[in-house]
1. Given Cα pairs under 8 Å that are at least 6 residues apart, what percent is the relative contact order of chain B?
2. Which whole-angstrom value gives the distance between the alpha carbon centres of the range B:15-43 and the range C:6-51?
3. Semi-axes of the equivalent ellipsoid for the protein assembly as shown, please: Cα gyration tensor eigenvalues, times 5, square-rooted, ordered largest first, whole Å.
4. With Cβ to Cβ distances under 13 Å as the rule, what net charge do the other residues near C:Leu22 carry (K, R +1; D, E -1)?
5. Which entries of A:Lys6/A:Lys57; A:Lys91/C:Lys73; C:Lys144/C:Lys189; C:Lys125/C:Lys189; B:Lys91/C:Lys112 have Cα-Cα distances beyond 27 Å here?
6. Mind checking which of C:Asp199, C:Asp190, C:Asp18 has the largest fluctuation in a GNM of chain C, springs on alpha carbons under 10 Å?
7. Expressed as a whole number of Å, what is the distance separating the alpha-carbon centroids of the range C:153-179 and the range B:80-128?
8. For C:Cys152, what charge total do you get from the other residues with a beta carbon under 12 Å from its beta carbon, if Lys and Arg give +1 and Asp and Glu give -1?
Amino acid sequence: MARSNKPILWLPFAGGGLVAALIIPVLILISGVLVPLGLVHLSYDKMAAFAHNPFGKLILFGAIALPAWHAGHRLRMTAHDLGLGGGAVVKVICYGFAGVLIVLSAVRLVLV
Amino acid sequence: MSRRPYIRSMKPGWWLGQRRYFVYMVRELTSLFIGLYCALLVIGIFRLSQGRAAWDGFVAALSSPSGIIFQLICLSFAIYHSATWFAVTPKAMPLVVKGEPVPARTIVAFHYGAWAVVSLIVLIAAGI
Amino acid sequence: MREEITLEILRYQPELADEPRLQSYIVPYHEDWVVLDALNHIKDNLDATLSYRWSCHMAICGSCGMMINGEPKLACHAFLRDYRHAVIRVGPLEHFPIERDLVIVMDDFMDKLSSVQPYLITQQKRQLSEGENLQTPLQLMAFKQYTLCINCLLCYAACPQCGLNENFVGPAALALAHRYNLDSRDGGKDERADVVASDNGIWECTFVGACSEVSPKYVDPAAAIQQTKISASLDWFKAWLRPGAYR
């Protein structure tokens, strides 16, 4: 047996778990409860300004990329638990899903 | 007499057999809904970049019945993720300060405090 | 009228049948009896062919681990009075091959235990003239709880990853590795990492936490493994930054 390279997958998973725990609930509260109730208005001007701001881009990217990686890795481990195996297909689907979200958000935030 | 050890294999539904395993599986599946909500956020960024009309359409979709139901499901799982994540953090990162172990309760409380602070900042920034 | 209680035991006698079967026994109920007392009664009075491991009868030797109503427990630590209104199902520990009746094959575990090199490893041999290793209470406190493992294997029976992957080094072995890694007298963390930080080591663990829930000595192997994940990740990162410094 040799030392595994799992840390490269695990460290962002752990970081993503913490970021997801701290920020995702309030984001869903806003978009899924407060906006429909009319208590918060996410105007185009305000959101566009935030997304144009470099700091805003960083926050948006962090809030998406790390939780997305967390989800991808955890779903891969859960697929194994559910008997779907730990093969290449599972890895491609899970890390691919996370990777697509990360790349798309990075590209879009850089270009917007 | 020769030995003939009997091998038992795990049943695919093993996690349904005991409450503790079922709760574990629910905890793991929180990541599915966090991942799906991240996808929603990515869609939101795309709509934002496509202009005012696209963004307003996105916000309207958030407020649709299916949008709300989906997000409420995501919210329940996200909260459960936060609670379970904070609960196990003291095990992964035990702290010793001045020769005394920091009680797990304190580490957990600190995380809930951070959660509250972050949430408040985001809410204020969103214009509540 | 004397009270009674029924035990339904999974029997496996390879010379008699290919498959395990259930066999019920009715034993006297005593308020202070444990399941081990019931098994001893069966062996002494009802069925001498029943095989099981036991020794101390006081939850310190770790011999009598078995599944009791689906939960890994020490038979000497499970009181009949807690099960009195139903049949008690007794079976061999999960995730191990059954040798016979309630006796499991633990050869693999013995290999896994020795593979983590559970002894003090130092770069230089200490000379007698240097005297004893001194250790402060604080240094002892750092690893003391991980010394309490009695190798009862309840954690392996509880851990679904042990069931899904027979090559997983497992909670007890990894907790013992952690015990030595945290010991101030030890310098062997790197050497152990080839096994501990391998794919079949800590990285098979998904923090189900069942191991720590069933540990009769509150060893908390789950905590040991999560702490090892963090330190192994930091070591991996440091090695990546300085390729020559680590093997």
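1. Numbers: 49 pairs, mean separation 24.0, N = 128.
Relative contact order here is 19 percent.
2. After rounding, the separation between the Cα centres reads 41 Å.
3. Working through the eigenvalues yields semi-axes of 48, 29, 21 Å.
4. Overall, the nearby charge balance is 0.
5. Those over the limit are A:Lys6/A:Lys57; A:Lys91/C:Lys73.
6. The residue with the greatest mean-square fluctuation here is C:Asp18.
7. Going from one Cα centre to the other spans 29 Å.
8. Numbers: positive: C:Arg53, C:Lys73, C:Lys217; negative: none.
Here the charged neighbours net out to +3.
Only the coordinates and a few stated rules stand behind these numbers; no lab work does. Since the structure is predicted, the reported quantities are computational estimates derived from the model, not experimental observations. Please note: Cβ atoms are built from the backbone with ideal geometry, for glycine as well, and neighbour counts cover all protein chains shown.
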